[in-house]
1. Rounded to the nearest 10 Å², what accessible area does ARG94 show when all protein chains are kept and the probe is 1.4 Å?
2. Mind ranking 49-58, 110-119 by how tightly packed they are, going by the mean number of other C-beta atoms within 10 angstrom, highest first?
3. Over segment 1-75, give the accessible area per residue in Å² for a 1.4 Å probe, as an integer.
4. Could you state how much accessible area HIS173 has, in square angstrom rounded to the nearest 10, with a 1.4 Å probe and all protein chains kept in place?
5. Quick check: residue separation of VAL54 and LEU165 times 0.36 nm, minus the Cα distance between them. What number comes out in nm?
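The values are calculated or read from the model by the stated rules, or taken from the named source; none is laboratory data. Because the structure is predicted, anything quoted here is derived from the model rather than measured. Here the Cβ positions follow ideal geometry from the backbone for every residue, glycine too, while neighbour counts run over all protein chains shown. Calculation scope for accessible area: heavy atoms of the full protein, side chains included, ligands and nucleic acids excluded. Shrake-Rupley method; radii C 1.70, N 1.55, O 1.52, S 1.80 Å.
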Amino acid sequence: ARLRTQEDVARHIARDVAELLGADRISVALFRNDEQCLSIVAAEGVSLSSIKGVRIAPGDWVIGHVYASRRPVFVRDVSRLPAFSSDSRRYRTRSFAAVPMLAGSEAVGVITVTDKRGGEAFTRRDELVLRTLAAAAAVAIVAARSVDAVTRLEYAATIDSLSGLLNRTGFDHRLH
C-alpha cells in the first residue's frame, strides 16, 4: 500500500521472492499496454541495465509463453529438455520457474526464478509459495496502476491541455 509505482512494487516483489524461495536470480516482467509487450522492470541477481530494454511479445520465449497461456512453468532439470542448448556456466542450477501474475482473468506480468541457493531443484512447496506470491503481486501491481491513473487524472484535471498552465480548478485549488 505504501509503494506508489509499478516499478517500486516489482522491485519489492523480486526482493521478497528471492528471500522466501532462497533463490539468487529473479526477474519481474510487466505487460505494457502501450507497447503490447512485456518488459523486465525489476531483477535480483542480474544487472537490470543489461535486460531492461528487452521487449518480449506474448507467446515468445518462456516469459511470453507463460504470459500468453496464463499457466506456470516449473522445470526441475533443463538438461532433460529436448531443445536444451544453454551454456551451463551461466546458471548454478538447472531448475527454473516462471509464474504468471494473474489479477482475476487479467495477466499483468510474469515472475521468473532460477539459481536456488542450495543448488537443488525447486520443490512443490516452492511452487505453492511462488503461486501465492504471484497472486498477491498481481493485486499490488493493479493497485499501483490505479494510483498512477488517479495521479495522471488529477494532474489532467488541473492543467489546461493547450497552454500547459493551471486551469480555473487548479488555480482555485492552489489559491486556497
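1. Roll a 1.4 Å probe over it and ARG94 shows about 100 Å².
2. Working: 49-58: 12.9, 110-119: 20.1.
Most protected by this proxy first, the peptides run 110-119, 49-58.
3. Working: 4090 Å² over 75 residues.
Per-residue accessible area for segment 1-75 comes out at 55 Å².
4. 140 Å²
5. Details: separation 111, 0.36 × 111 = 39.96 nm, distance 3.65 nm.
Gain on extension, VAL54 to LEU165, equals 36.3 nm.
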